[in-house]
Amino acid sequence: MQIHSSIPELRTALPAGDRIAFVPTMGNLHAGHIALMTQARQHATRVVASIFVNRLQFGPNDDFDRYPRTLQADCEKLAAAGVDLLFAPSECELYPEPQQYHVDPPEIQHQLDGAFRPGHFRGVATVVLKLFNIVQPQVALFGKKDYQQLMVLRNMTRQMALPIEIVGGETVRAEDGLALSSRNAYLSPAERAEAPRLHRLLTEIRTAVRAGERNFVEIENAAASELDRHGWKTDYVAVRRQSDLQPPESGQDEPLVVLAASRLGKARLIDNVEIDASGGH
Ligand code: PAF
């Protein structure tokens with residue numbers, strides 16, 4: 001695997017004429033990332049990954065400084081997964097001057113996760129557009145665990161007429177249901193034992209919706225209270241339409257997704273479960 005940290009070097013190394021699948025990451029790679037690399041291979045002849053902890057998408061009270069940085073181990077995992085090329089720029093390389101031009105996503109950037117992380121999706125969209133301009137892939141893959149991020153980036157790509165296909169990868173889970181995340185490293189052993197409750201509650205909501213439950217506010221509040229009773233501090237539990245992440249209209253049978261974010265100790269965990277229009281998944 002080739003590793004490049006400079007934009008000109010990367011541009012020279014990018015294979016001309018090959019179809020490139022790109023997987024942007026912030027490193028500290030786990031099986032969820034590796035599944036995206038494997039999926040990427042099905043879409044292209046060359047797989048390019050990036051590792052960059054993007055300051056622009058972290059708020060002042062977020063975990064930018066303590067976000068786990070494990071470049072050496074990540075390189076080994078990427079090489080073993082058959083990734084062709086890694087772009088791992090320094091902050092000076094990607095932001096040699098203060099970034100004054102930004103991608104400003106629409107109202108959705110202030111809802112759900114955006115309501116608790118002001119500026120987050122603006123920072124994500126800005127760095128991803130910049131990475132797309134550098135790597136110029138034909139396909140890019142993002143995990144469905146960050147469901148709102150996937151929607152924001154899909155819409156940005158479409159509206160900016162970027163010639164890139166956006167592909168979502170299924171969430172990879174531990175055996176007890178906990179979605180794999182770099183932030184799981186912040187959990188103490190007791191918190192790790194408690195953490196699967198989040199996914200359990202989301203699947204219970206899916207079961208209730210499949211059975212015909214339509215009082216979404218009640219089930220959202222009940223799930224949030226249940227988490228908080230067990231020591232979590234819940235930001236939101238929300239049943240939304242898959243298409244635009246807006247609240248469902250009554251009487252409409254449309255694909256839904258239940259999303260949640262809650263803090264357990266030092267970790268802020270997010271997760272979601274899709275519910276298709278006929279109630280299954
Ligand atoms: O999902 C992530 O790891 C990041 O938000 C991304 C897409 C790499 C942008 O920094």
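Coordinate-derived values only; no laboratory data. Quantities reported herein were computed from a predicted structural model and do not represent experimental measurements. Note that each Cβ is placed from the backbone with ideal geometry, even for glycine, and that neighbours are counted across all protein chains shown.
Note on the chain: percent of Cα-Cα distances in each 5 Å bin, starting at 0 and stopping at the bin with the largest distance, equals 1, 5, 12, 16, 18, 17, 13, 9, 5, 2, 1, 0. Within segment 194-233, the GluC sites (Glu not before Pro) that combine a DSSP coil assignment with at most 14 other C-beta atoms in a 10 angstrom radius are 213. Please label the shape of segment 140-215 as rounded, prolate or oblate, based on the square roots a ≥ b ≥ c of the eigenvalues of the alpha-carbon gyration tensor (a/c under 1.5 means rounded; beyond that, a/b larger than b/c means prolate, else oblate). Oblate, since a/c reaches 1.5 and b/c is not below a/b. Restricting to the chain, what percent of DSSP beta bridges are antiparallel, rounded to 5? Percentage antiparallel, nearest 5: 50.
For segment 76-200, the Cβ-based charge dipole about the Cα centre amounts to some 320 debye (Lys, Arg positive; Asp, Glu negative; other atoms uncharged).
Axis of helix 71-80 versus longest Cα principal axis of the chain: the two differ by about 90°, to the nearest ten degrees. Set Lys and Arg Cβ to +1 and Asp and Glu Cβ to -1, take the dipole of segment 157-281 about its Cα centre, and tell me which of 196, 246, 161 lies farthest positive. The residue sitting most towards the positive pole is 196.
Could you tell me which of rounded, prolate or oblate describes segment 28-177, using a ≥ b ≥ c as the square roots of the eigenvalues of the alpha-carbon gyration tensor, with rounded for a/c under 1.5 and, failing that, prolate when a/b is larger than b/c and oblate otherwise? It comes out rounded by the Cα gyration axes. Give the angle, between 0 and 90 degrees and rounded to the nearest 10, that separates the Cα long axis of helix 197-210 from the longest principal axis of the Cα atoms of the chain. The answer is roughly 60 degrees. How far, in degrees from 0 to 90, does helix 120-135 lean away from the longest principal axis of the Cα atoms of the chain, to the nearest 10? Taking Cα atoms only, the helix is inclined about 30 degrees.
Distance between the C-alpha centres of segment 83-104 and segment 243-260: 35 Å, rounded to the whole angstrom.
Contact order for the chain, expressed relative to its length and based on alpha carbon pairs under 8 Å spaced 6+ residues apart, stands at 17 percent. Each part reduced to its alpha carbon centroid, segment 1-56 and segment 151-228 end up 25 Å apart. Using +1 at the C-beta of Lys and Arg and -1 at the C-beta of Asp and Glu, which of 108, 36, 217 has the Cα lying farthest in the positive direction of the dipole of the chain? So the residue we want is 36.
Answer rounded, prolate or oblate for segment 195-245, using the Cα gyration tensor with square roots of eigenvalues a ≥ b ≥ c: rounded when a/c is under 1.5, else prolate when a/b is larger than b/c, else oblate. Prolate, because a/c is 1.5 or more and a/b exceeds b/c.
Taking the Cα centre of the chain as origin and assigning +1 to Lys and Arg Cβ atoms and -1 to Asp and Glu Cβ atoms, the resulting dipole is close to 340 debye.
With contacts taken as Cα pairs under 8 Å and at least 6 residues apart, segment 127-281 reaches a relative contact order of 21 percent. In terms of its Cα atoms, segment 218-281 spans 37, 20, 19 Å along the principal axes, sorted from long to short.
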